[in-house]
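Novice: Here it is, the structure, as structure tokens.
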Amino acid sequence: MALPDSNLKSSMPNHLTIGLFGFGVVGEGIYRVLEELPSLNARIKTICIRDPHKPRAAPSALFTTDAAQLLQDPDINLVVELIDDAAAAYRIVTEALRSGRHVVSANKKLIAEHLPELLRLQQQHGGSFLYEAAVCGSIPILRNLEEYYDNDLLHALSGIVNGSTNYILTQQAKGLDYAGALKQAQELGFAESDPSLDVEGWDAANKLALLLAHAWGIVTPPEALLRKGITRLRPHDWAHAREKGWRIALTATATRLADGKVGALVLPRFVDEGHPLYGVRDEYNGLVLESRLADRQFLSGKGAGRYPTASAVVSDISALSYGYRYAYKKLRAGTGGGLSDEFSLDVFVGYGEGTRTGASAFDEVYSTFHSGSGGYITGRITAARLRATAWWQDPDVSVIALPEGFTAPERTRVSRGKVRDLLIAEPVA
Ligand SMILES: NC(=O)c1ccc[n+]([C@@H]2O[C@H](COP(=O)([O-])OP(=O)(O)OC[C@H]3O[C@@H](n4cnc5c(N)ncnc54)[C@H](OP(=O)(O)O)[C@@H]3O)[C@@H](O)[C@H]2O)c1
């Protein structure tokens, strides 16, 4: 795979003249922040939007609906892409990179789906492409994974990477129904324009794909990842969580297996009080990192919203002003090992009346419950077998990782209240 030049310093001029695409939640935030930060040495010259008739809180002379006016302006050396249309964003980002311009984007769908091509365009044309805001909003994770964690030291990462589903699940835990919670998340500007990206787990899978690229140098299409969102959670699942004193969170998890490969999936998960993610509420995101030397680290912060997201975009703009580019060190080293579904996880499988899940796919069944209106099975199953079951895609079946979900057997049963080693998956012998 072609990779961008690894030099950390490019021949970037210090002054950045920005062509901004999008003046919505994040785009307007960037405009306001740059107005207040003249020290950044970056100026917005033109803003491209879709609707010329909307009132804008910025001088009208800045606006255009003609993308070419930005993309062909020789003064503009940085394109900041913050629109909500992935197909148009693809055209904008690729054209800007092809012209050798630097690009900052927050569009995880676009980046995750086209990463190999975007890497090639950086290498061929010399532009630098940064996208810190695409993963976990305000939490500085991509540059940290790229620069701070050496490849063989990082065992695992797991976290809440989607602010809108976390907001929805937090409201549901308080008793609000799913539709009402989703509406609130949309009104607050946390949810994507197409909510299925959030609630079906696609957004988390896109972010997990980017985390895998920077953590271990694994480039994967997001659709290859084992994924389940929050739309199939059932009232019985919430009752089970309440009875146990657990929360439900949508988590993205990746863990290095004993054979050097990485197991990765997006799945709702019961979180108990002793886990760092238990306190990550509303639109906040949280990531637990496990590495050999540093042991466990926990990062949390706002994962969505105008200024939290703008903070990451501004950080990228600032990094570009001193010539930063991702070196993709792990990808370059080629030691990523690839993905594997050959690992075990502990799950709760809930089902409705008339649905049968069957215990035969499980290596071990921990408990079962059945009443007239449905029931559940908890047990240990491999990711590969889970993916192959007939009920994995059944709309009447929920699959939720247990709090010990990804833990090696000897590390599972530690006392409540103690932070657990949740992230070491048991590779299948
Ligand atoms: N909102 C968040 O908290 C958040 C967090 C992390 C990442 N992101 C990412 O940031 C990006 C922007 O999100 P947002 O929430 O700011 O979106 P938004 O509020 O819906 O705003 C989208 C903007 O894009 C403009 N636009 C759409 N299609 C366009 C086109 N073809 N050409 C030019 N402009 C176009 C719209 O123009 P009009 O104003 O004329 O309609 C609008 O100004 C997305 O990729 C999103 O995934 C958002």
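Any read-out appearing in this document is the output of simple, stated calculations on the displayed coordinates, not a laboratory observation. Quick caveat: nothing in here was measured; it's all calculated off a predicted structure. With ideal geometry, Cβ positions are generated from the backbone for all residues, glycine too; neighbour counts draw on all protein chains shown.
Novice: Just to be sure I understand the curve: with the Debye formula and one point per C-alpha of segment 1-155, what is log10 I(q)/I(0) at q = 0.11, 0.19, 0.20, 0.21 Å⁻¹?
Specialist: Here log10 of I(q) over I(0) equals -0.44, -1.31, -1.44, -1.57.
Novice: Relative contact order of the chain: what whole-number percent is it, with Cα pairs under 8 angstrom and at least 6 residues apart?
Specialist: 19
Novice: Using a Gaussian network for the chain with springs between C-alpha atoms less than 10 Å apart, which of these wobbles most: Arg306, Arg269, Arg32?
Specialist: Arg32
Novice: Within the set of other residues whose C-beta is less than 14 Å from the C-beta of Gly338, count the net charge using Lys and Arg as +1 and Asp and Glu as -1.
Specialist: Its environment carries a net charge of 0.
Novice: Rounded to the nearest 20 debye, what is the charge dipole size of segment 240-393 about its Cα centre when +1 sits on each Lys and Arg Cβ and -1 on each Asp and Glu Cβ?
Specialist: The dipole of segment 240-393 has a size of about 540 debye.
Novice: Students often get this wrong, so check it: of Lys54/Lys228; Lys302/Lys330; Lys109/Lys244, which have C-alpha atoms separated by over 29 Å?
Specialist: Lys54/Lys228; Lys109/Lys244
Novice: Let me ask something else. Rg and Dmax of segment 259-332, using alpha carbons, in Å: what are they?
Specialist: Radius of gyration, then largest Cα-Cα span, for segment 259-332: 16.2, 43 Å.
Novice: Rounded to two decimals, what ratio of Rg to Rh does segment 77-176 give with C-alpha atoms and a Kirkwood Rh?
Specialist: Here Rg/Rh amounts to 1.06.
Novice: Sticking with this structure for a sec: Loop only by DSSP, 14 or fewer other Cβ within 10 Å of the Cβ. Give me the GluC sites (Glu not before Pro) in segment 211-301 that pass, ordered by residue number.
Specialist: Glu273
Novice: Under a 5 Å amide H to amide H cut-off, with H placed in plane at 1.01 Å, what residues pair with Tyr366 once short-range neighbours are removed?
Specialist: The answer is Thr378, Gly379, Arg380.
Novice: Rounded to the nearest 500, what is the 222 nm mean residue ellipticity of the chain from helices alone, with -39500 (n - 2.57) per DSSP H run of 4+ residues and division by all residues?
Specialist: Details: 14 runs with 130 residues, N = 429.
The per-residue figure over the chain is -8500 deg cm²/dmol.
Novice: Also: If you place +1 on the Cβ of every Lys and Arg, -1 on the Cβ of every Asp and Glu, and leave all else neutral, what size is the dipole of the chain about its Cα centre, to the nearest 20 Debye?
Specialist: Roughly 420 debye, rounded to the nearest 20.
Novice: So, in Å, what gap is there between the alpha-carbon centers of segment 200-243 and segment 48-78?
Specialist: 36
Novice: With charges set only on the Cβ (+1 for Lys and Arg, -1 for Asp and Glu), what does the dipole of segment 288-375 come to about its Cα centre, in debye to the nearest 20?
Specialist: Working: 9 positive and 9 negative charges, 152 e Å.
Using Cβ point charges on Lys, Arg, Asp and Glu, segment 288-375 gives about 720 debye.
Novice: Report the longest stretch of the chain that contains none of the chymotrypsin sites (Phe, Trp or Tyr not before Pro) sitting in a DSSP loop with at most 15 other Cβ atoms within 10 Å.
Specialist: It runs 149-321.
Novice: Let me have the relative contact order for segment 27-183, percent, based on Cα pairs under 8 Å that are six or more residues apart.
Specialist: The value is 13 percent.
Novice: Within segment 322-409, which GluC sites (Glu not before Pro) sit in a loop by DSSP and count at most 14 neighbouring Cβ atoms inside 10 Å?
Specialist: Answer by residue number: Glu353.
Novice: Also, quick follow-up: Can you list which of the trypsin sites (Lys or Arg not before Pro) found in segment 314-413 are DSSP loop residues with at most 14 other C-beta atoms within 10 Å?
Specialist: Sites meeting the loop and neighbour criteria: Arg356, Arg413.
Novice: Sticking with this one: Residue by residue, what Karplus-based ³J(HN,Hα) values in Hz, rounded to whole numbers, does segment 240-247 have, using 6.51, -1.76 and 1.60 with θ = phi - 60° and x for Gly and Pro?
Specialist: 4, 4, 5, 4, 8, x, 9, 9
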